[in-house]
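Okay, structure first, notes after.
The values are calculated or read from the model by the stated rules, or taken from the named source; none is laboratory data. These numbers were taken from a predicted model, which means no experiment stands behind them. Ideal geometry is used to build each Cβ from the backbone, glycine not excepted, and the neighbour counts take in all protein chains shown. In case anyone asks, the SASA skips ligands and DNA or RNA and just uses the protein heavy atoms, side chains included. Shrake-Rupley method; radii C 1.70, N 1.55, O 1.52, S 1.80 Å.
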Amino acid sequence: QVQLVESGGGLVQAGGSLRLSCAASGRTFTKSPMGWFRRAPGKEREFVAAISWTGLYRNYANSVKGRFTISRDNDNNMVYLQLASLKPEDTAVYYCAALQETRDPRTVVTPWGQGTQVTVSS
């Protein structure tokens with residue numbers, strides 16, 4: 001059974017930083033690209049960032065490019081998302097997921113977890 005557990009969210013002022021963590025269990029993590037997504041209140045879930053198994057390829061949504069950094073620790077089955085220069089519009093529940101294709105965020109292959117709430121105050 002695949003399980004993804006997100007953590008690290010919280011309340012932060014605009015311009016602040018947070019680091020989100022995703023703990024993965026199960027075989028899906030092995031050799032899988034991983035991604036972060038978010039759902040803001042009243043909006044559809046959207047792609048944020050993706051990283052290949054080796055970490056050599058990373059992809060970001062235009063809205064977060066230059067501010068967010070995705071990384072992974074394959075030895076410990078962890079994926080991270082460093083958030084910086086946060087804006088109120090970054091307020092959302094953030095989710096991680098395994099992907100079939102690094103370059104295609106539509107290829108999510110794992111169930112959505114509980115996510116972690118990020119709230120950015122102005």
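If a residue has to be closer than 21 Å to Lys31 by Cβ, of a type outside the set (Ser, Thr, Tyr) and part of a loop (DSSP other than H, G, I, E, B) to count, how many in region 56-70 make the cut? The number of residues fulfilling the criteria is 1.
If a residue has to be among the acidic types (Asp, Glu) and not in a strand (DSSP E or B) to count, how many in region 36-55 make the cut? Walk me through it before giving the result.
Keep residues of region 36-55 that are among the acidic types (Asp, Glu), which gives 44, 46.
Now narrow it down to the ones that are not in a strand (DSSP E or B): 44.
Qualifying residue count, region 36-55: 1.
Considering only residues in region 2-48 that are modelled with pLDDT of 95 or more, open to solvent by 80 Å² or more (accessible area, probe 1.4 Å) and of a type in the set (Lys, Arg), the one that is nearest to Cys96 (Cα to Cα) turns out to be Arg39.
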